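These notes are about the structure you will find just below.
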Amino acid sequence: MIKDYQYQKELRDSYDFCIIGGGPAGITLALRLAGSGWSVVLVEGGGHEYSQRSQALYTCPSSALDAYAHETRLRFLGGTSNHWAGRCRPFEPSDFAVPPVGNLPGWPIAFSEVERYLAGAMAIVDLPAGSGFTPINGALNGGEFDADRFLLSPPTRFAQKYAEDLRESDGLDLFINCNCVDLEFAPTSGRIAAVVVSDYDRNRERLRAKNFILATGAIENARQLLNSESLVAHGIVSRDGFVGRCFMEHLNVDMGTFILQEGQRTEPSQYFTTEAFTSAYQSGKGNITTTVLSEVRTYGMTARVKGFFENLMCEIGAAHKIDYIAKFNCPGDGVISTLIEQFPSVNSRISLLNERDELGVAKVSIHWELSPADRHTIKSIGLEMAKRFAETGLGFVKLNDYVYDTSVPLNMTPHAHHMGTTRMAATPEQGVVDTNCRVFGTDNLYIAGSSIFSTGGACNPTMPLLQFALRLADHLNEKMRSLASSYS
Ligand SMILES: Cc1cc2nc3c(=O)[nH]c(=O)nc-3n(C[C@H](O)[C@H](O)[C@H](O)COP(=O)(O)OP(=O)(O)OC[C@H]3O[C@@H](n4cnc5c(N)ncnc54)[C@H](O)[C@@H]3O)c2cc1C
C-alpha cells in the first residue's frame, strides 16, 4: 500500500527492512525483499509529483567545478529516473581487474559478482532479454578505439512502471512525504536502532527495523551518514574520513570540431577506448560521440544574424579567428562530445555545512575537481582520436586548446552521474562499505546506489547500480534466512 505520511502516520511497530529513498535503487530493493516475504517499509521524502518544497531540500552549493547538484536530481517518488535518458552500458571485466591510477584501490570484488545480475537489471529497465550489447558502428576502430556498445531503455520511469507493484505487494508499506532526518546508532549492539522520520511540519517519529538501507542517491547517502550525530559520536563516521570523499562524475568534454572527408558517413558515431589504449596511456576510459551538424542551432532574429556572420566567416575561412568573441559551428561541421571516466580522488568531496534545511537536517556542499590524472585521460583521448580521424581518412579534427594544454581551464559539463561518496572497499581504511554494501562498523546499515562505486568506468551508472541492488537483495535474504534458522 502507498500512504501519505503527511496525513497518515501509520507506521508499524517494526519492520524487517527499512529502505530510505524511492528511486530506482530503493524501489528495486523494496519489491525484491517484499517479494521474498519480509515486512518492508519504503520511506520516500517527496510526493507523487515534483514539489518545490521537497526539491528545496536538495540545495547543495558547489565549489571548484559546478556539479549542478540541484538541477541533476529529482526529489519525489521515482527519484531521478523521472528524467533520466535511459542509456545503459554495463561495466567491463577490466573495471574490476585494473586498479585506478592514483593511490586508491579499485573494486574489492570480482566482475563476475555483478555480471550475474546483468540480465535481471536489464529486465528492470525494459531491455529485451538476450538483446546483448553489440557494437554499434566502426569507422574509428583500431588499437585505440572500439565501436561503442550500449542499449537504450524506453526510458523506464520507476514510479509509473512499478506503481501497481508498490501498491499491491504484500508486506510492503510505502510512505511518501516521509523524510529521513536522522540515523540513530546504538553502540552496545553495533546496530542502527531507528531512523527518525519527519513530515513537512517537522513532526518527527522513530521508525524501527531490523535492517536499514540508504538509497537516497550519492550526495544524500553521504549526507545522511555525516548528519547523524550518533554515528559520528561513536566513531562509525568521521566527518573528515572517507564518507563523502571520492565524489566522481562522468565528464562531457567539448573536445572540438571536425570536418568529414567527402563521402564519409554523416550519422552520429560512438567509440570507446580499448584496453590496449588505457593500458598504454595509463589513462581512464572514455566514450566519444561524433555528430555532424546539419543546421544552425538558434532561432528567430538571433539565428538570422548568427547565420549571416557564420556563413561569412566560414566562406572566408576566418571562423577560427573570431572564436574568442563568438564561438559557433558551421553547418556541416561536426561536434565531438564525450563520456569520460574520472578517477577517485579524496579531494572531491561532500562536506557538512553549519546551515540546516527546513526540516533541520545539516546541509552539504560539493567540492568537485579534476586531478592531473583526469586531465591526462582527456588529453590522451583527444589527441588519439584526432590522430585516428586523419589516419582512417575520416576527416580532420580541430581540438580545443584546453584538450592538449592542461593549464587552460576546461569547457566541460557533468553527466549527472554521481558516484563514489560511500565507496566499497576491503577495509575501513580505504572506504565506507564492505563487499556486501554494509557500512563498516555497523551490523545492519547498508547502502544502495552509485555512491558505493569504487570506480565509475565509463558506463552509465543506473543499470549497474541495479545489478548491485539485486546482489544486495540476495545477500539480505540469505542473512535473514540464516538468522531465522539459527533461532529455530
Ligand atoms: C538528466 C539526467 C539524465 C540521466 N540519464 C541517464 C542515463 O541515460 N543513463 C544512466 O545510467 N543514468 C542516467 N542518469 C542518472 C540516473 O538518473 C541515476 O543514476 C539514478 O536515478 C540513481 O538512482 P538512485 O535510486 O540511486 O537515486 P535517485 O534516483 O536520486 O533516487 C533517490 C530517492 O531518494 C529520495 N530521498 C532523498 N532524500 C531523502 C530523505 N532524506 N528521505 C527519504 N527519501 C529521500 C528522493 O526523493 C529520490 O526518490 C541521468 C540523470 C539525469 C539528471
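The values are calculated or read from the model by the stated rules, or taken from the named source; none is laboratory data. Please read all numbers here as calculations on a predicted model, not as lab measurements. A quick note on method: Cβ atoms are made from the backbone with ideal geometry, for glycine too, and the neighbour counts reach across all protein chains shown. When the accessible area is computed, the model is the full protein with side chains, heavy atoms only, and any ligands, DNA or RNA have been set aside. Shrake-Rupley method; radii C 1.70, N 1.55, O 1.52, S 1.80 Å.
Do you know which residues across region 120-146 are in contact with a Leu (Cβ under 9 Å, 6 or more places away or on another chain) and within 21 Å of Leu470 (Cβ to Cβ)?
Within region 120-146, Gly120, Ala121, Met122, Ile124, Val125, Leu127, Pro128, Ser131, Gly132, Phe133 qualify.
Give the residue, chosen from Ala484, Ala416, Ala448, Ala425, that is out of contact with any Lys or Arg (no Cβ under 7 Å at 6 or more places or on another chain) and more than 23 Å from Ile192 (Cα to Cα).
Ala416
Quick check on this structure: which one of Arg53, Arg32 is surrounded by fewer than 20 Cβ atoms within 10 Å (Cβ to Cβ), more than 11 Å from the ligand (Cβ to nearest atom) and within 30 Å of Glu184 (Cβ to Cβ)?
Going through Arg53, Arg32 in turn, the sole match is Arg53.
Can you pull out the residues in region 153-171 that are assigned to a loop (DSSP other than H, G, I, E, B) and within 13 Å of the ligand (Cβ to nearest atom)?
Ser153, Pro154, Pro155, Thr156, Arg157, Tyr162
If you scan region 107-152, which residues turn out to be in a loop (DSSP other than H, G, I, E, B), among the hydrophobic types (A, V, I, L, M, F, W, C) and under 29 Å from Ser279 (Cβ atoms)?
Those that are in a loop (DSSP other than H, G, I, E, B), among the hydrophobic types (A, V, I, L, M, F, W, C) and under 29 Å from Ser279 (Cβ atoms): Trp107, Ile109, Ala110, Phe111, Phe133, Ile136, Ala139, Leu140, Phe150.
Within region 40-76, how many residues are of a type in the set (Val, Ile, Thr) and over 26 Å from Phe17 (Cβ atoms)? Quick ask: steps written out before the conclusion?
Restricting attention to region 40-76, the residues satisfying the condition of being of a type in the set (Val, Ile, Thr) are 40-41, 43, 59, 72.
After this cut, where a residue has to be over 26 Å from Phe17 (Cβ atoms) as well, the list is 59, 72.
Going through region 40-76 one residue at a time, the tally reaches 2.
Among the strands (runs of 3 or more DSSP E) confined wholly to region 172-212, which include 3 or more residues that are over 17 Å from Leu225 (Cβ atoms), without any contact (Cβ under 8 Å) to a residue 40 or more places away in the chain and open to solvent by 40 Å² or more (accessible area, probe 1.4 Å)?
Result: empty, no element qualifies.
Considering only region 434-467, state which residues are farther than 18 Å from Gly78 by Cα and out of contact with any Leu (no Cβ under 9 Å at 6 or more places or on another chain).
Hits for region 434-467 are Asp434, Thr435, Phe440, Asp443, Asn444, Gly456, Gly457.
Can you work out which of the residues in region 138-152 that are among the charged types (D, E, K, R) and more than 16 Å from the ligand (Cβ to nearest atom) is surrounded by the most Cβ atoms within 10 Å (Cβ to Cβ)?
Glu144
Can you pull out the residues in region 79-95 that are more than 12 Å from the ligand (Cβ to nearest atom), part of a helix (DSSP H, G or I) and in contact (Cβ under 8 Å) with a residue 60 or more places away in the chain?
Residues satisfying the conditions are Ser94, Asp95.
What is the one condition in (1) farther than 28 Å from Asp170 by Cα; (2) in contact with a helix residue (DSSP H, G or I) (Cβ under 8 Å, 6 or more places away or on another chain); (3) not small (Gly, Ala, Ser) that Thr59 does not satisfy?
Unmet for Thr59, out of (1) farther than 28 Å from Asp170 by Cα; (2) in contact with a helix residue (DSSP H, G or I) (Cβ under 8 Å, 6 or more places away or on another chain); (3) not small (Gly, Ala, Ser): (2).
Based on what the data block shows, is Phe440 surrounded by fewer than 23 Cβ atoms within 10 Å (Cβ to Cβ) and either over 12 Å from the mean Cα position of the chain (by Cα) or farther than 21 Å from Leu127 by Cβ (or both)?
Spelling it out, Phe440 is indeed surrounded by fewer than 23 Cβ atoms within 10 Å (Cβ to Cβ) and either over 12 Å from the mean Cα position of the chain (by Cα) or farther than 21 Å from Leu127 by Cβ (or both).
Pick out the one residue from Leu476, Leu466 that is part of a helix (DSSP H, G or I), touching a Pro at 6+ places or on another chain (Cβ under 8 Å) and either modelled with pLDDT of 95 or more or crowded, with 18+ Cβ neighbours inside 10 Å (or both).
Leu466
Which residues, taken from region 75-110, are over 26 Å from Glu44 (Cα atoms) and under 19 Å from the mean Cα position of the chain (by Cα)?
Once the filter is applied, which keeps residues that are over 26 Å from Glu44 (Cα atoms) and under 19 Å from the mean Cα position of the chain (by Cα), region 75-110 yields Arg89, Pro90, Phe91, Glu92, Asp95, Phe96, Pro100, Gly106, Trp107.
Output the residues belonging to region 426-436 that are crowded, with 23+ Cβ neighbours inside 10 Å and in contact (Cβ under 8 Å) with a residue 40 or more places away in the chain. Let's see the steps before the verdict.
Our first condition is that a residue be crowded, with 23+ Cβ neighbours inside 10 Å; within region 426-436, this holds for 431-433.
Of everything in region 426-436, those that are crowded, with 23+ Cβ neighbours inside 10 Å and in contact (Cβ under 8 Å) with a residue 40 or more places away in the chain turn out to be Gly431, Val432.
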